[in-house]
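For reference, the structure discussed in these notes is given below.
The values are calculated or read from the model by the stated rules, or taken from the named source; none is laboratory data. What you are looking at is a predicted structure, and each value in this text was computed from that prediction instead of being measured. Glycine gets a Cβ as well: all are built from the backbone with ideal geometry, and neighbour counts include every protein chain shown.
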Amino acid sequence: MAGCCGGHANFDGMSQQYKRILWWVIAINGVMFFIEMSAGIGAQSQALQADALDFLGDTLTYGISLWAIGKSLTLRSNVALFKGYSLLIMALWVFGSTLYRFFIINSPEPFTMGSIALLAFSANVVSVLLLMRYKDGDANVRSVWLCSRNDAIGNLIVLIAASGVWYSNSALPDLIVAFILAALFLSSAWQIINQAKAEKKKAESASRCHSEN
């Protein structure tokens, strides 16, 4: 049974440089939530509001990620599971609210959509570049990378939606993009939950191994 305790350990966040970077990413996301939500409400853009909600979720969950660094693998896996399920709930909320908007369609203001999406994209690209070297860490660390990467992709999609709203003078591009963002949330949630479950199982197996030796 001695061999069952081996295996490759992913980066777990135990680095002062990583913690400083995470603080910067948390600050960027917190500021962008207030900017994008205010703009989304003012421009009547469901896509901007969905993206702003994602910034808020990232701010909170990145804070939890920072707290979990240095804790046991089981606890870090549970934190990652919490983040995955939170992202799942967010995706379902965006799906539901976007469906609701289909029945009370108001065309959003495309220039506000485009300018704020460009600002959000820039903020997320900075976060992605800061986190690039840590993208293959454990579930807790990797979830931060996945969310930031998908956020940058989502911002580009919102820019496309703004162009579609301007060209068609219709809210449909905005609503379609909100659905796409929800699908991205679902994809990230699936990856985070699966990795966290695998790491939790690994931690439980290692614990049994140590108790038997």
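Some observations on this one:
- Screening Ser97, Ser45, Ser122 for residues that are modelled with pLDDT of 85 or more and within 27 Å of Ala171 (Cβ to Cβ) leaves exactly one candidate, Ser122.
- When the residues of segment 163-213 are filtered to those that are at pLDDT 75 or above and in a loop (DSSP other than H, G, I, E, B), the one that is nearest to Thr61 (Cα to Cα) is Ser170.
- Of all positions in segment 30-47, none carries a residue that is in contact with a helix residue (DSSP H, G or I) (Cβ under 6 Å, 6 or more places away or on another chain), closer than 30 Å to Glu204 by Cα and in contact (Cβ under 8 Å) with a residue 40 or more places away in the chain.
- Some residue of segment 64-72 being among the hydroxyl-bearing types (Ser, Thr, Tyr), in contact with a helix residue (DSSP H, G or I) (Cβ under 8 Å, 6 or more places away or on another chain), surrounded by fewer than 14 Cβ atoms within 10 Å (Cβ to Cβ) and modelled with pLDDT under 80: yes
- Search result, residues across segment 143-190 that are among the polar types (S, T, N, Q) and touching a residue at least 60 places away in the same chain (Cβ under 8 Å): Ser143, Ser148, Asn155, Asn169, Ser170, Ser188
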